[in-house]
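Student: I have a structure I would like to understand better, so I am pasting it below and will then ask my questions one at a time.
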Amino acid sequence: MSTADHPLPDDLQAEILALARAEPHPRSACVAALQRVQSRYRWISTHHLRDVARLLDMSPDDLDGIATCFNLLFRKPVGRHVILLCDSISCWIMGRDHLCDHLCRTLAIRPGETTEDGAITLLPTVCLGHCDHAPAMLVDDTLCGDVDLPMLARLTDTLTEEPPP
Amino acid sequence: MSPSDRPLTAMIDASAAPPDCTAYEKAGGWQATRKALKTCTPDDIIEIVTQSKLRGRGGAGFGTGQKWSFVPKKPASEQRKYLIANADEMEPGTFKDRLLLEGNPLQLIEGMLLAAYAIQASHGIVFLRGEYHLARRRLEQAIEDARHNGWLGENILGAGFSFDIHMHAGAGRYICGEETALLTALEGRRATPRSKPPFPQTGGLWGAPSVVNNVETLCNLPHIVTNGARWFLSLGTGADGGTKLYGVSGRVRRPGAWELPIGTPMREIIENHAAGMQPGYTLRAFLPGGASTAFLDATALDVAMDYSSVEKAGSRLGTGLAIILDDRTCPVGMLHNLEHFFAQESCGWCTPCRDGLPWVARLLAAIEDGTGESDDIEQLRRHTKMLGTPGRTFCAHAPGAMAPLASGLKLFRDDFAAHITGHGCPMRHAA
């Protein structure tokens, strides 16, 4: 799916309006609405943000204040896969910095960046609640624990070898 | 069926799918709802829970019955009220609510139903952190299952009480765990805390009376209502009632979480359940209940892990999930990691927190990297006073952030000094 700045399609607009109608006030649906946009386009462009704001009767800046408040709403394009590598305390004790350095070297990116082929974005994240299996990471929607170098090697191979859609 | 002494986890099998409505009922579920809706008034439920001395399991430890008692007494049919499950588990080192959400979501739903009946709320909301994908799928399925079987919806059990649950998936912000910030986020605004009063119980979500309870707190309710306050009190080992999900992470042999009598000492938790420290590592100190609790050292290992005993020892029970600092991990590095987290997660609403926490994190980074000076330690100490005293910041975020730092500056004084005089981390150089 392209991330071009075309208007939100009718079905997504209808979905967002339905979310808004289910709430006491339309703005209550703003996070859910932005999550819907992101699940289709992988990120929230300014153009799409303006569309959502209009549907929820909010100003675009008001909505952007909310979008930029939350870690899981992406206001910049991300890769086809997002690796959220935990950087909180238990994972830090168990060696997450070493894993992060290794990933950065392998993928030739820094945390916050996307690989040149657009396959992987690497982001640090706060505690994922998997501390008994630290170091932990979230690969798209899948929680992974006891992460080590062989696991990272298998993961990056699989994700980069996948043909782009 | 005699009640389990591990009621919260009795139906949880980590290797299997959670029980559906039929299996849940067969194992004793929905009994409490039948009892409450058919034979108890809402005030009866508040009374049982008050007598059970159940205290909030999210970290603050406020009496649950007392929290509910401030809600106006009007029936649900006459006033819109909200019962909200705080499932925004984001305290670093904490993974207990995920276990309950994934393992037995119907237990949470029944707990919410009972709490809602007690405060006469018709609207339930689960505020679930966005990263908990499996919990979300299982909870959505359980809500559907409960609706289909008549445990949620209109006129439940024909008793004239209606209640339903809506799910809100968060988008990642630690401060949403603070109950007033959670309400602000639900209203579609930036997640900043609110001043109290008004308290949520009288003026919460959209100004309506609202109660926000932690997942573990709510999961206790079916068992308290079914088996009574006296039974619940008998499960604890000290002044507090019930069991607690305790956990350990760090360099132990078997990290994990276990349901144990509240008041179990940390030594027993580490040695008997976490199988002791990993070979080659010794325990140096621990954070008893998440990132925002003060360090305790090995002399506190025999302290009963209940609210008042941990407080007397100089920390807080918090979430009850401990993080171990071992002798091969740098305490200054650990504090830098913690304060970096708190600085990043400050909502930015009040200046002392927004500007003070990044300053603290930068000072710690400098000390760890070898560019720190001895005055920096005094500067850190001043911050623990300026940010650590409740009332100087808008909410409890900065005081929570200062708890490990204030205790760490005392406990690890020599480590700080060694970083300054040796121009860097001695452990990093050794490695």
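Student: From the set of residues in region B:377-406 that are under 16 Å from residue B:92 (Cβ atoms) and open to solvent by 20 Å² or more (accessible area, probe 1.4 Å), which is modelled with the highest pLDDT?
Tutor: B:403
Student: For region B:232-261, how many residues are touching a helix residue (DSSP H, G or I) at 6+ places or on another chain (Cβ under 8 Å), open to solvent by less than 40 Å² (accessible area, probe 1.4 Å) and farther than 27 Å from residue A:130 by Cα?
Tutor: Adding up the residues that qualify gives 3.
Student: Helices (runs of 4 or more DSSP H) wholly in region A:32-129 with at least 2 residues that are among the acidic types (Asp, Glu) - which ones?
Tutor: In region A:32-129, the matching helices (runs of 4 or more DSSP H) lie at A:60-67, A:96-107.
Student: So, one more: Can you pull out the residues in region A:141-154 that are open to solvent by less than 60 Å² (accessible area, probe 1.4 Å) and not aliphatic (A, V, I, L, M)?
Tutor: The answer is A:144, A:145.
Student: I would also like to ask the following. Checking residue B:220 against (1) crowded, with 19+ Cβ neighbours inside 10 Å; (2) farther than 21 Å from residue B:60 by Cα; (3) not hydrophobic (A, V, I, L, M, F, W, C): exactly one of these is not met. Which one?
Tutor: (2)
Student: In region B:300-319, is there at least one residue being in contact with a Gly (Cβ under 8 Å, 6 or more places away or on another chain) and within 14 Å of chain A (Cβ to nearest Cβ)?
Tutor: Within region B:300-319 (the criterion being in contact with a Gly (Cβ under 8 Å, 6 or more places away or on another chain) and within 14 Å of chain A (Cβ to nearest Cβ)), the answer is yes, since at least one residue qualifies.
Student: Taking the condition within 14 Å of another protein chain (Cβ to nearest Cβ) and either at pLDDT 95 or above or assigned to a strand (DSSP E or B) (or both), does residue B:247 pass? Give the steps one after another, and end with the answer.
Tutor: Values: within 14 Å of another protein chain (Cβ to nearest Cβ): yes; either at pLDDT 95 or above or assigned to a strand (DSSP E or B) (or both): yes.
Yes, satisfied.
Student: Six or more apart or on different chains, Cβ under 6 Å: which pairs go from a residue in region B:335-350 that's under 21 Å from residue B:296 (Cα atoms) and among the small types (Gly, Ala, Ser) to one that's open to solvent by 20 Å² or more (accessible area, probe 1.4 Å) and in a helix (DSSP H, G or I)? Could you list them?
Tutor: Hits for this filter: zero, empty list.
Student: Here are the criteria: (1) crowded, with 23+ Cβ neighbours inside 10 Å; (2) within 23 Å of residue B:309 (Cα to Cα); (3) away from every other protein chain (no Cβ under 13 Å). Tell me which single one residue B:271 does not satisfy.
Tutor: (1)
Student: Let me ask something else. Strands (runs of 3 or more DSSP E) wholly in region B:74-184 with at least 3 residues that are among the hydrophobic types (A, V, I, L, M, F, W, C) and more than 9 Å from every other protein chain (Cβ to nearest Cβ) - which ones?
Tutor: Passing ranges, in order: B:82-87, B:123-128, B:161-169.
Student: Give me the pairs: first residue in region A:10-28 and more than 8 Å from chain B (Cβ to nearest Cβ), second residue of a type in the set (Asp, Glu) and not in a loop (DSSP other than H, G, I, E, B), beta-carbon distance under 9 Å, and six or more apart or on different chains, which are they?
Tutor: A:12/A:51; A:13/A:51; A:16/A:51
Student: Another question about this same structure. Going by the conditions given, is residue A:83 within 14 Å of chain B (Cβ to nearest Cβ), within 9 Å of the chain's Cα centre (by Cα) and open to solvent by less than 10 Å² (accessible area, probe 1.4 Å)?
Tutor: Yes, satisfied.
The values are calculated or read from the model by the stated rules, or taken from the named source; none is laboratory data. None of the values given here were measured: they were computed from a predicted structure. Note that we place each Cβ from the backbone using ideal geometry, even for glycine, and neighbour counts take in every protein chain shown. Please note that ligands, DNA and RNA were not included when accessible areas were found on the heavy atoms of the full protein model with its side chains. Shrake-Rupley method; radii C 1.70, N 1.55, O 1.52, S 1.80 Å.
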